[in-house]
1. For residue 142, indicate whether it is part of a strand (DSSP E or B) and free of Cβ contacts under 8 Å to residues at least 12 places away in the same chain.
2. Enumerate the pairs (first residue in the stretch 198-220 and farther than 18 Å from residue 171 by Cα; second residue anywhere and modelled with pLDDT under 90 and exposed (fewer than 12 other Cβ atoms within 10 Å of the Cβ)) with beta-carbon separation below 7 Å, excluding pairs fewer than 6 apart on the same chain, so at least 6 apart or on different chains.
3. Scanning for something touching a residue at least 60 places away in the same chain (Cβ under 8 Å) and buried (at least 19 other Cβ atoms within 10 Å of the Cβ), does the stretch 259-273 turn up at least one residue?
4. Which condition number does residue 247 fail, the rest of (1) surrounded by fewer than 18 Cβ atoms within 10 Å (Cβ to Cβ); (2) at pLDDT 85 or above being met?
5. Which ones in the stretch 232-244 are in a loop (DSSP other than H, G, I, E, B), buried (at least 20 other Cβ atoms within 10 Å of the Cβ) and in contact with a helix residue (DSSP H, G or I) (Cβ under 9 Å, 6 or more places away or on another chain)?
């Protein structure tokens, strides 16, 4: 008698247990595990589309600064020489910066420093314009007996927006551009700055409105919204900071594939962009997610979405099956007038009545003659 296996439910014989159905199920399970493992190793298209979205959200959230006083002057300081803002002490960095700016500790009590570890920079907020000008002139700081070159510049405070104009002659420097652009016809313009040696100029406007056209001297230019680029380091390959502020300048990735060379000679692998998941280097010119969506566009879309949701929440009255009674205005009935109506006397009737009344009055006052 063949051995049988007893389990809860239906009886399963060894022939059924060793049938082809169980092997097919086991085979499909093993193939599914192998495919999922290969997808995790190579990064398939499905997995590559989820990772870039998480990377973009992480970079955008980490790049935001806390709320600072709008009346303060802001100075952006970009350290070089491999200075890691996250690993350094903000108190020591501020002390080194104030020493390089030749400011006394008594005049910097209201100053605020905010490090940004994602962009590897730190922002100094001060209510004094003198302190801000001194900070912006610093080119080098000494931290732990090591010199670090820095680049400092003023940033507009308050609520501002940025625009871009293209095709401006490169013969004009920033001073000439500000002289030609800041005029009564561009009333909301605060300043202008050229991007390196290109024909592209960045404009800063007061408020949250960017005009469609601006005047540069006597020439009118088309102005578009400024899109902030998501920084990608060409040295270490990380997303969030630029190459000039890289905290690990000794780590160099391959210029073609973006991977860290682990063998000699290096064999380039297929690159995968961390922003869009395409087969190119992270932050390449072909990347569709290279630029962030402007704040004005996001704000406009949020307002439009909220307005649409508010309209959908408002209940619309259902049509009543019984027709509503129409109230007619009260007044005399409309229709042709009847001149022979008894309640309205005509002009001829009035004249006849007056004539009869006068005749009766004459007969009353006239003397009566005796009968013959």
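1. Working: part of a strand (DSSP E or B): yes; free of Cβ contacts under 8 Å to residues at least 12 places away in the same chain: no.
Answer is no for this residue.
2. Between residues of the stretch 198-220 that are farther than 18 Å from residue 171 by Cα and residues that are modelled with pLDDT under 90 and exposed (fewer than 12 other Cβ atoms within 10 Å of the Cβ), the close pairs are 207/159; 208/159.
3. Filtering the stretch 259-273 for residues touching a residue at least 60 places away in the same chain (Cβ under 8 Å) gives 272-273.
Checking the rest, the ones that are also buried (at least 19 other Cβ atoms within 10 Å of the Cβ) come to 272-273.
Yes: the stretch 259-273 contains one or more residues that are touching a residue at least 60 places away in the same chain (Cβ under 8 Å) and buried (at least 19 other Cβ atoms within 10 Å of the Cβ).
4. Checking residue 247 against (1) surrounded by fewer than 18 Cβ atoms within 10 Å (Cβ to Cβ); (2) at pLDDT 85 or above, the one that fails is (1).
5. Result: 233, single match.
The values are calculated or read from the model by the stated rules, or taken from the named source; none is laboratory data. Model, not experiment: these values are computed from the prediction. Cβ coordinates were reconstructed from backbone atoms using ideal geometry, including for glycine residues, and neighbour counts include every protein chain displayed.
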